[in-house]
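What follows is a short report on a single structure.
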Amino acid sequence: MKKHVFNAGPSLLPEEVYASAAKAVLDFNDSGISILSISHRTKDFDAVMEEADALFRELLHIPDNYKIFYIGGGASTHFFEIPANFLGKKAGYVNTGVWSKKAIKEAKRFGEVEVLATSEDRNFTYIPKGFAVPADLDYLHITTNNTIYGTEYHEDLDVEVPLIADMSSDILARPIDVTKYAMIYGGAQKNLAPAGVTFAIIREDMLDRIVRDLPTMVSYRTHVENNSMFNTPPVFPIFVLKETLKWLKSIGGLDEIYRRNREKADLLYGEIDRNPLFRGTVEKEDRSLMNICFVMQEGYEELAPAFMEYTKARGIVGIKGHRLVGGFRASCYNALPKESVEVLVQCMRDFAAEHAR
């Protein structure tokens, strides 16, 4: 049976990327050596890094005064590295969920943190808007997509202080204006690569804002100046990331993937809104394209386990909601085909036909 994988991450990658990655595991570039065993100091891997950089720049229209680097540790490592590098006096954070709260916790170790806005009052079911941004902040930090609760920023913020964004779960899902940001970072295991590598896109002038003497590996200057090669980088995930960027370019870039992502989201949200058994959990204007959360309608809550079993019988995988929210979560990252969403929608319709009162 074909599987329809809605996992929140690590997530699906394109079939073409699986094929090229599998080939490279057996024989990288016809070298007779696996990508898992090559030296990161070879010309062949230099070419991988250069192509990844060039593709990232082309797809996101990244200006020359921004640097791209890759390190391990997950986005959670950046939660403390960002304030370690840039928090001298005060930083601003917007609290939109679990990952924002974790970033705030780490930042408080290094200086004053002002939570400028939060949606915790309604269990993170909306994106705060219209809040003031003090001019004396070292930076403002946001999480652009909230995987657990299913909310997402749909426009780039325009602020006068350096804007830093965790884009772990919606990077390359829609066009953005990179020049609005001082730094963009994230784990790659949603839209780019297997777990094990993080990406960072940083404006060069931010390196002059590093406020303290840091351990070598914690300083962003180390990774920029050494082109991600100060120590052995995550070779295989970077190769897969490059292959994913190639795929994204081949299908038409961000305009095309944004069209596909909206089409998938419209299809599933449309069914959630019309189906008598289900309801969405967040404000409609802030609904995520990547993580679509829903629950049973009032009066039908006892059917949730039966619906989970119903979906499993159709080959649907990974739609159980996070324990903090409950219900269901369909993660529709870039590589998820529309066909999988259509299968889920039909499953919801068939289940409602059997159980709606």
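The values are calculated or read from the model by the stated rules, or taken from the named source; none is laboratory data. Keep in mind it's a predicted model, so treat the numbers as computed, not measured. Please note: Cβ atoms are built from the backbone with ideal geometry, for glycine as well, and neighbour counts cover all protein chains shown. Calculation scope for accessible area: heavy atoms of the full protein, side chains included, ligands and nucleic acids excluded. Shrake-Rupley method; radii C 1.70, N 1.55, O 1.52, S 1.80 Å.
Is one or more of the residues making up segment 135-156 surrounded by fewer than 24 Cβ atoms within 10 Å (Cβ to Cβ), within 17 Å of the chain's Cα centre (by Cα), in a loop (DSSP other than H, G, I, E, B) and among the aromatic types (Phe, Trp, Tyr)?
yes
Condition first: among the basic types (Lys, Arg) and either closer than 21 Å to Ile171 by Cα or more than 25 Å from the chain's Cα centre (by Cα) (or both). Now tell me which residues in segment 196-238 satisfy that.
First, pick out the residues of segment 196-238 that are among the basic types (Lys, Arg): 203, 209, 212, 221.
Across segment 196-238, the qualifying residues are Arg203, Arg209, Arg212.
Could you say whether any residue in segment 89-99 is among the aliphatic types (A, V, I, L, M), in a helix (DSSP H, G or I) and surrounded by fewer than 20 Cβ atoms within 10 Å (Cβ to Cβ)?
yes
Report the residue count in segment 5-27 for those that are assigned to a helix (DSSP H, G or I) and touching a Ser or Thr at 6+ places or on another chain (Cβ under 6 Å). Working first, answer last.
Just the residues of segment 5-27 that are assigned to a helix (DSSP H, G or I), to begin with: 15-26.
With the extra rule that they be touching a Ser or Thr at 6+ places or on another chain (Cβ under 6 Å), the set shrinks to 17, 25.
Looking only at that region, the number is 2.
Are there any pairs, at least 6 apart or on different chains, whose C-beta atoms fall under 9 Å, with the first in segment 175-202 and free of Cβ contacts under 8 Å to residues at least 24 places away in the same chain and the second hydroxyl-bearing (Ser, Thr, Tyr) and assigned to a loop (DSSP other than H, G, I, E, B), and if so, which?
Short answer, once both residue conditions are applied: Ile184/Thr144.
May I ask you to verify whether Ile319 is more than 26 Å from Ile176 (Cβ to Cβ) and either open to solvent by 50 Å² or more (accessible area, probe 1.4 Å) or within 20 Å of the chain's Cα centre (by Cα) (or both)?
So Ile319 passes the test.
Cβ contacts < 6 Å: first residue part of a loop (DSSP other than H, G, I, E, B), restricted to segment 216-231; second residue modelled with pLDDT of 95 or more, any location; separation 6+ or different chain. Result?
Thr216/Thr222; Val218/Glu81; Val218/Ala84; Ser228/Phe69; Ser228/Tyr70; Phe230/Thr222
If a residue has to be touching a strand residue (DSSP E or B) at 6+ places or on another chain (Cβ under 9 Å) and closer than 13 Å to Leu87 by Cα to count, how many in segment 106-122 make the cut?
The total comes to 6.
Output the residues belonging to segment 203-239 that are crowded, with 22+ Cβ neighbours inside 10 Å and closer than 20 Å to Gly111 by Cβ.
Residue satisfying the conditions is Tyr220 alone.
All but one of (1) in contact with a helix residue (DSSP H, G or I) (Cβ under 9 Å, 6 or more places away or on another chain); (2) surrounded by fewer than 16 Cβ atoms within 10 Å (Cβ to Cβ); (3) not basic (Lys, Arg) hold for Glu271; which doesn't?
With (1) in contact with a helix residue (DSSP H, G or I) (Cβ under 9 Å, 6 or more places away or on another chain); (2) surrounded by fewer than 16 Cβ atoms within 10 Å (Cβ to Cβ); (3) not basic (Lys, Arg) applied to Glu271, the lone miss is (2).
Within segment 100-113, does at least one residue satisfy the condition of being part of a strand (DSSP E or B) and either under 17 Å from His141 (Cα atoms) or in contact with a Cys (Cβ under 8 Å, 6 or more places away or on another chain) (or both)?
Yes, segment 100-113 has at least one match.
What's the number of the only condition in (1) more than 15 Å from Ala200 (Cα to Cα); (2) touching a residue at least 12 places away in the same chain (Cβ under 8 Å) that Gly130 fails to meet?
Condition (2) is where Gly130 drops out.
Would you check which residues across segment 322-357 are open to solvent by 30 Å² or more (accessible area, probe 1.4 Å), among the hydrophobic types (A, V, I, L, M, F, W, C) and free of Cβ contacts under 8 Å to residues at least 40 places away in the same chain and list them?
Ala353
Farther than 30 Å from Thr244 by Cβ, open to solvent by 50 Å² or more (accessible area, probe 1.4 Å), in a strand (DSSP E or B) and among the polar types (S, T, N, Q) - does that describe any residue in segment 114-130? Please lay out each step first, then the result.
Pass one, segment 114-130, residues farther than 30 Å from Thr244 by Cβ: 114-123, 125-126, 128-130.
With the extra rule that they be open to solvent by 50 Å² or more (accessible area, probe 1.4 Å), the set shrinks to 114-115, 118, 120-123, 129-130.
When the remaining residues are screened for being in a strand (DSSP E or B), the result is 114-115, 118.
Next cut, among the polar types (S, T, N, Q) only: 118.
Checking segment 114-130: at least one residue is farther than 30 Å from Thr244 by Cβ, open to solvent by 50 Å² or more (accessible area, probe 1.4 Å), in a strand (DSSP E or B) and among the polar types (S, T, N, Q).
For segment 161-179, enumerate the residues that are of a type in the set (A, V, I, L, M) and open to solvent by less than 10 Å² (accessible area, probe 1.4 Å).
Listed by number, the residues that qualify are Leu163, Ile164, Ala165, Met167, Ile171, Leu172, Ala173, Val178.
Which residue pairs have Cβ atoms closer than 6 Å, lie 6 or more positions apart in sequence or on different chains, and pair a first residue in segment 146-164 that is within 17 Å of Ala132 (Cα to Cα) with a second residue that is open to solvent by 10 Å² or more (accessible area, probe 1.4 Å) and not in a loop (DSSP other than H, G, I, E, B)?
From residues that are within 17 Å of Ala132 (Cα to Cα), the pairs are Asp156/Lys180.
Specify the residue that is least open to solvent (accessible area, probe 1.4 Å); the eligible residues are those in segment 40-72 that are at pLDDT below 95 and basic (Lys, Arg).
That would be Arg41.
State all residues of segment 9-37 that are among the charged types (D, E, K, R) and surrounded by fewer than 12 Cβ atoms within 10 Å (Cβ to Cβ); if no residue qualifies, say none.
Answer for segment 9-37, where residues must be among the charged types (D, E, K, R) and surrounded by fewer than 12 Cβ atoms within 10 Å (Cβ to Cβ): Glu15, Asp30.
With Glu302, Glu271, Glu298 as the choices, which residue is among the acidic types (Asp, Glu) and within 20 Å of Arg122 (Cα to Cα)?
Exactly one residue qualifies, and that residue is Glu298.
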